[in-house]
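The values are calculated or read from the model by the stated rules, or taken from the named source; none is laboratory data. Everything quoted here is computed from the prediction, not taken from an experiment. Note that we place each Cβ from the backbone using ideal geometry, even for glycine, and neighbour counts take in every protein chain shown. Each accessible area value is taken on the protein alone, full model and side chains, heavy atoms only, with ligands, DNA and RNA left out. Shrake-Rupley method; radii C 1.70, N 1.55, O 1.52, S 1.80 Å.
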Amino acid sequence: MARRRGWGGKPPVDDDEAARRIVAAAVETISRTGSAVSIADVAESLGVIRQTVYRYFPSADALMRASAIASVGDFLDRLTDHVQGRRDPADALVEAVVYTLDDVRRTPHLGIMLSGAHSHTDGITSEEAQAFGLTMIRRFDVDWERHGYDDAALSELVEHLLRTMQSFFVSPGNPQRSDAELRRYLRRWLAPAIVAQPGYRPAGSASDD
């Protein structure tokens, strides 16, 4: 059971609620500051000592990962709606990258994930980031298997996309490209890498009935 001290006078009823409230506090702090949080920040906002937070999250990295995962659901819904109907992998992914880099300004948790700032080790190649990327592209209206992508190829594709988005997030360019300019750039350089997958068939081709 969660300890009955602190918590602004309203302690959680059990450990599950305690963990949820810790994550919620971290999410709120990230939304307000736009930057990664520390265990001390979250403990102070909840009126508890740091050791209480450590009981549920062994490190700031673990708390940041949990916060990012808890807060990107709305983004994934918006992105899925935005690329709905795009069945060609290259077309869908180019548009997804453009949309994601624009949405980062409204979703600081996503920016922290893309920058790797939540982790001093794996960062953008972490298990959580990879799972996020796979969840993202599997929600698209793309039949990945028909286009030659098995699970191993999808994992490599996700890594490539995450690295691409991270590079633009960390160094957007000077001057920064407009959405239209970025879209043209990605169609020229990212799209060929996607269609290079053995067995790739553009959606709408005669063999894609």
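Based on this model, can you work out whether Ala25 counts as without any contact (Cβ under 8 Å) to a residue 24 or more places away in the chain, open to solvent by less than 40 Å² (accessible area, probe 1.4 Å) and touching a helix residue (DSSP H, G or I) at 6+ places or on another chain (Cβ under 7 Å)? For Ala25, the condition - without any contact (Cβ under 8 Å) to a residue 24 or more places away in the chain, open to solvent by less than 40 Å² (accessible area, probe 1.4 Å) and touching a helix residue (DSSP H, G or I) at 6+ places or on another chain (Cβ under 7 Å) - is met. Only a single criterion out of (1) part of a loop (DSSP other than H, G, I, E, B); (2) modelled with pLDDT under 85; (3) within 30 Å of Gln197 (Cα to Cα) is not satisfied by Ile69, namely (1). Note on region 160-175: among residues that are over 12 Å from the mean Cα position of the chain (by Cα) and crowded, with 17+ Cβ neighbours inside 10 Å, the one that is modelled with the highest pLDDT is Thr164. Arg32: at pLDDT below 80 and of a type in the set (Lys, Arg), yes or no? No, not satisfied.
When residues in region 91-112 are screened for being under 18 Å from Leu157 (Cα atoms) and open to solvent by less than 10 Å² (accessible area, probe 1.4 Å), 7 of them pass. Listed by first and then second residue, the pairs with beta-carbon distance under 7 Å, at least 6 apart or on different chains, first residue in region 37-57 and more than 15 Å from Pro11 (Cβ to Cβ) and modelled with pLDDT under 95, second open to solvent by 50 Å² or more (accessible area, probe 1.4 Å) and not in a loop (DSSP other than H, G, I, E, B), are Ile39/Arg50; Ile39/Tyr54; Ala40/Arg50. When region 143-159 is examined, which residues are found to be over 23 Å from Arg183 (Cβ atoms), touching a residue at least 24 places away in the same chain (Cβ under 8 Å) and under 20 Å from the mean Cα position of the chain (by Cα)? Listed by number, the residues that qualify are Ala153, Ser155. Here is the figure for region 28-41: residues that are under 25 Å from Asp103 (Cα atoms) and open to solvent by less than 30 Å² (accessible area, probe 1.4 Å) total 3.
Residue under question is Ala117, and the condition is that it be modelled with pLDDT under 95, assigned to a helix (DSSP H, G or I), open to solvent by 50 Å² or more (accessible area, probe 1.4 Å) and small (Gly, Ala, Ser); does it hold? So Ala117 does not fit the description; no.
Within the set Asp61, Asp77, the sole residue that is of a type outside the set (Val, Ile, Thr) and exposed (fewer than 12 other Cβ atoms within 10 Å of the Cβ) turns out to be Asp77. Among residues of region 176-191 being in a helix (DSSP H, G or I) and without any contact (Cβ under 8 Å) to a residue 40 or more places away in the chain, the one that is least open to solvent (accessible area, probe 1.4 Å) is Ala180.
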